[in-house]
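The values are calculated or read from the model by the stated rules, or taken from the named source; none is laboratory data. None of these values were measured; they are calculated from a predicted model. FYI the Cβ positions are ideal-geometry reconstructions off the backbone, even for glycines, and counts take in every protein chain you see. Remember, those area values only see protein heavy atoms, side chains included, never the ligands or the DNA or RNA. Shrake-Rupley method; radii C 1.70, N 1.55, O 1.52, S 1.80 Å.
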Amino acid sequence: MDQLPAGSVHIEKNDFQMILASEGVDFLISAEEEVVPLSTLLDDGMKVYLFFSANWCRPCQDFTLHLVQVYNTLKNAGEKLEIVVISFDRDENSFHEHLKSMSWLAVPFNVNLHKKLGDRFMVPHIPMLIPLCSDGNSVEENAVDMIQEYGSDAFPFTQKRRQELKAMDDQKRQGAILEELLACEKRNHLLSRDRNKVSVSEVIGKTIGLYFGAYWCPPSRIFTSQLIEAYYELVTSKNTPFEVIFISTDRDQNEFNYSLSTMPWFSIPYEDKSRHDLRRIFEIKGIPALILIGADGKIISTNGRSLVSSYGASAFPFTESRIAEIKAALRKEGDDLPRSVRDVKHEHELKLDMAKTYVCDSCHCQGKFWAFSCDVCNYDLHPSCVEQSVKDAL
């Protein structure tokens with residue numbers, strides 16, 4: 001966001017009216033640029049929010065689109081609220097251009113007045129949405145983040161409401177009911193790769209991997225191929241009760257369509273708000289990410305990416321006990337191998353090493369975990385290839 005002097009303060013409606021009056025302003029203007037009396041804001045029960053924004057600010061433009069949807073949803077639901085934009089634009093033409101994208105009121109363009117309001121509220125950055133409240137409730141100093149996270153559900157943007165929403169997220173995350181996570185009021189289906197609708201009920205009772213990824217992200221593309229390999233081994237070859245649900249962070253519908261076409265599993269529809277809700281509920285900070293949930297709705301692991309990348313299908317059912325078994329088997333395998341070997345195809349001694357992935361210089365196939373590696377040059381062998389080479393030498 002574009003940085004301005006830091007700080008925050010709350011002002012009541014009457015104080016706001018007095019600040020405007022000090023500059024000879026006794027009205028607001030609508031998005032249609034009609035004059036609206038200031039008394040409109042003083043109606044009983046009316047919740048008023050000051051929106052500090054500017055047409056030159058890209059984050060402001062992006063947030064304005066989101067705020068218009070939230071504002072219209074709340075107004076259509078009968079909520080008594082009003083937003084008043086205070087422009088940080090540098091000229092009147094930019095101000096009017098910015099106002100065209102809004103559905104609410106604005107303080108008339110006045111550079112001195114806008115600067116006075118910015119200084120009075122000690123606005124640290126834009127966009128900012130600051131409440132004018134006189135009902136004693138503890139409010140958010142800036143409702144922008146809250147609206148971006150929760151949309152219209154965040155209203156009336158109080159700290160109490162944030163705590164309520166956070167508690168609801170915690171409950172969903174800790175005691176997940178899959179039907180509630182994967183479906184919503186208007187949708188009880190998922191999408192298959194060929195865009196067919198599949199009932200959410202078809203995945204209930206299975207271990208679920210919630211896969212957060214996007215085609216534009218190179219690490220996601222790499223992990224997708226690893227997950228597909230594990231998925232086919234588990235579901236196609238072994239008929240294991242496992243399913244993956246793709247939650248896209250692609251930039252547009254076309255990218256999402258392409259992503260889904262490369263995947264054998266199901267997806268949350270791109271246009272569905274649940275995509276955003278699931279990212280928030282499971283606190284996804286980066287992609288790719290794989291959240292593993294058991295048939296009982298309990299989280300098995302929030303680090304499914306690492307488990308699949310490291311152990312593939314053998315990690316199923318992804319429990320701590322299963323991973324402990326794999327690690328114990330690997331330790332035993334390592335204990336049974338010599339600490340170093342001499343291979344007839346290579347001039348240097350090769351030492352036993354543990355590597356996540358490597359390419360064997362004998363068979364040219366990818367290997368994992370134990371390898372015999374050269375400290376002098378970039379040379380690695382599968383343990384089985386070293387044995388085979390010795391036999392060939394004899």
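Taking the criterion of being open to solvent by less than 10 Å² (accessible area, probe 1.4 Å) and under 21 Å from the mean Cα position of the chain (by Cα), the residues of the range 218-242 that qualify are 220, 223, 227. Applying the criterion of at least 2 residues that are among the basic types (Lys, Arg) and surrounded by 12 or more Cβ atoms within 10 Å (Cβ to Cβ) to the strands (runs of 3 or more DSSP E) found wholly in the range 26-82 leaves an empty list.
Table: residues versus (1) farther than 20 Å from residue 110 by Cβ; (2) in contact with a Pro (Cβ under 7 Å, 6 or more places away or on another chain); (3) modelled with pLDDT under 95.
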| position | (1), (2), (3) |
| --- | --- |
| 37 | no, no, yes |
| 40 | no, no, yes |
| 47 | yes, yes, yes |
| 50 | no, no, yes |
| 69 | yes, no, yes |
| 79 | yes, no, yes |
| 82 | no, no, yes |
| 87 | no, no, yes |
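Of the residues making up the range 362-385, at least one is among the hydroxyl-bearing types (Ser, Thr, Tyr), under 23 Å from residue 309 (Cα atoms), part of a loop (DSSP other than H, G, I, E, B) and out of contact with any helix residue (DSSP H, G or I) (no Cβ under 9 Å at 6 or more places or on another chain).
Listed here are the residues, each with its yes/no results for (1) at pLDDT 95 or above; (2) of a type outside the set (Phe, Trp, Tyr); (3) in contact with a Pro (Cβ under 6 Å, 6 or more places away or on another chain); (4) farther than 20 Å from residue 281 by Cα.
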residue: 197; (1), (2), (3), (4): no, yes, no, yes
residue: 200; (1), (2), (3), (4): no, yes, no, no
residue: 205; (1), (2), (3), (4): no, yes, no, yes
residue: 209; (1), (2), (3), (4): yes, yes, no, no
residue: 213; (1), (2), (3), (4): yes, yes, yes, no
residue: 228; (1), (2), (3), (4): yes, yes, no, yes
residue: 242; (1), (2), (3), (4): yes, no, no, yes
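Taken over the range 83-100, residues that are crowded, with 18+ Cβ neighbours inside 10 Å and assigned to a helix (DSSP H, G or I) amount to 3. Of the candidates 259, 309, 267, the single residue that is touching a residue at least 40 places away in the same chain (Cβ under 8 Å) and either among the aliphatic types (A, V, I, L, M) or open to solvent by 30 Å² or more (accessible area, probe 1.4 Å) (or both) is 309. Restricted to the range 101-116, and to residues there that are within 30 Å of the chain's Cα centre (by Cα) and closer than 24 Å to residue 17 by Cα, the residue that is most open to solvent (accessible area, probe 1.4 Å) is 103. In the set 290, 330, only one residue is surrounded by 13 or more Cβ atoms within 10 Å (Cβ to Cβ), of a type in the set (A, V, I, L, M) and touching a helix residue (DSSP H, G or I) at 6+ places or on another chain (Cβ under 7 Å); that residue is 290. Only residues that are of a type in the set (Val, Ile, Thr) and open to solvent by 60 Å² or more (accessible area, probe 1.4 Å) were counted across the range 243-256, and they come to 0.
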